[in-house]
Amino acid sequence: MWSGPRNLSTAMMYAFGNRADCAIWDEPFYAPYLAATAADHPLRAEIIAAHETDPVVVARRCLDTIPAQKPHFYMKHMPHHMIAGFPLDWATECVNVHLIRHPARVIASYGAKMDHMTLEDIGYPQQAALYDRLGGVVIDSADIRADPEGMLRKLCAAIDLDFDPAMLHWPAGPRAEDGIWASHWYNAVHQSTGFAGAEGDFPELAGDAAQLCRDAMPFYEKLAAVKV
């Protein structure tokens, strides 16, 4: 599952993690990305210390034995973590799903957690490039929030996986599979037990944020045109 930040991605990981037949992995390339760049992220030092930083080792584990010998392995990936030189061939052996969200909502949410952002930080160009390379299924977070069961049924059908009603609800609180960054980013999802309802009006953006939204829109619209 490829998704930019602030995009229902953790809730989707919890939904799949609540299936008895599915193991999950939270952003395996985050530590390698931080170790290889100067990106100034919350808990940077702790993330690098706690998680594997070698992208080659991480890529190998993506195709290794599935944890707990589950039949399926759900990996939550962020496109902007896959910087030049990181292995990507492993992804051709996977079913690739691209989770998208309108840029205005991503920018407003990301801006509440980070003081500065660029187009590359929110991953729209990288996600479009990954879709061009890997293909796969596109699904919009707004559609999932508006009709969780209907859209998860569509997604499961598209990836040839039986729908499981357990995906619609999960226990409140953190999961053992959460990355160490959860303490900064996951407060809302830790309080949830299922998908929130439909989102309201789009946030009003001004200045640099509004320009960033305009820059991201062509990439979003390209993927939205082929969503399920």
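Each value in this text was obtained by applying a stated rule to the coordinates, not by laboratory testing. Note that the structure is a prediction, hence the values are computed from the model and not measured. We place every Cβ from the backbone using ideal geometry, glycine too, and count neighbours over all the protein chains shown.
What the Cα convex hull of region 126-228 gives, in volume per residue, is 157 Å³.
Entry note: region 1-76 has Rg to Rh equal to 0.99, where both radii use alpha-carbon atoms and Rh is the Kirkwood radius.
The dipole here belongs to the chain: it is taken about the Cα centre, uses +1 on the Cβ of Lys and Arg and -1 on the Cβ of Asp and Glu, and is about 180 debye.
Mind sorting Glu52, Glu204 by how few other Cβ atoms lie within 10 Å of their own Cβ, fewest first? Don't skip to the end; give the middle numbers.
Numbers: Glu52 15, Glu204 9.
Ranking Glu52, Glu204 by Cβ neighbours within 10 Å, fewest first, gives Glu204, Glu52.
Within region 69-173, the ratio Rg/Rh, alpha carbon atoms throughout and Rh by Kirkwood, equals 0.98. Just want the answer: with Cβ charges of +1 for Lys and Arg and -1 for Asp and Glu, which residue in Gln191, Pro28, Gly85 is farthest toward the dipole's positive end in the chain? Selected residue: Gln191.
May I ask you to sort Tyr124, Tyr131 by Cβ crowding, counting other Cβ atoms within 10 Å and putting the fewest first?
Tyr131, Tyr124
Between amide H atoms placed 1.01 Å from N, distances below 5 Å from Val97 occur with Trp2, Val137, all of them 5 or more places distant or on a separate chain. For the chain, DSSP calls about 5 percent of its internal beta bridges antiparallel. Evaluating 6.51 cos²θ - 1.76 cosθ + 1.60 at θ = phi - 60° for every residue in region 203-210, the Karplus couplings come out as x, 8, 10, 9, x, 4, 5, 5 Hz, glycine and proline recorded as x.
When you filter the GluC sites (Glu not before Pro) in region 75-164 for DSSP loop state and at most 15 other Cβ atoms inside 10 Å of their Cβ, you are left with Glu120. Placing pseudo-labels 7 Å out from each Cα toward the beta carbon at Gln211 and Asp54 gives an inter-label distance of 4.3 nm.
Given Cβ point charges of +1 (Lys, Arg) and -1 (Asp, Glu) and nothing else, what value in debye, to the nearest 20, does the dipole of region 68-185 about its Cα centre take?
200 debye
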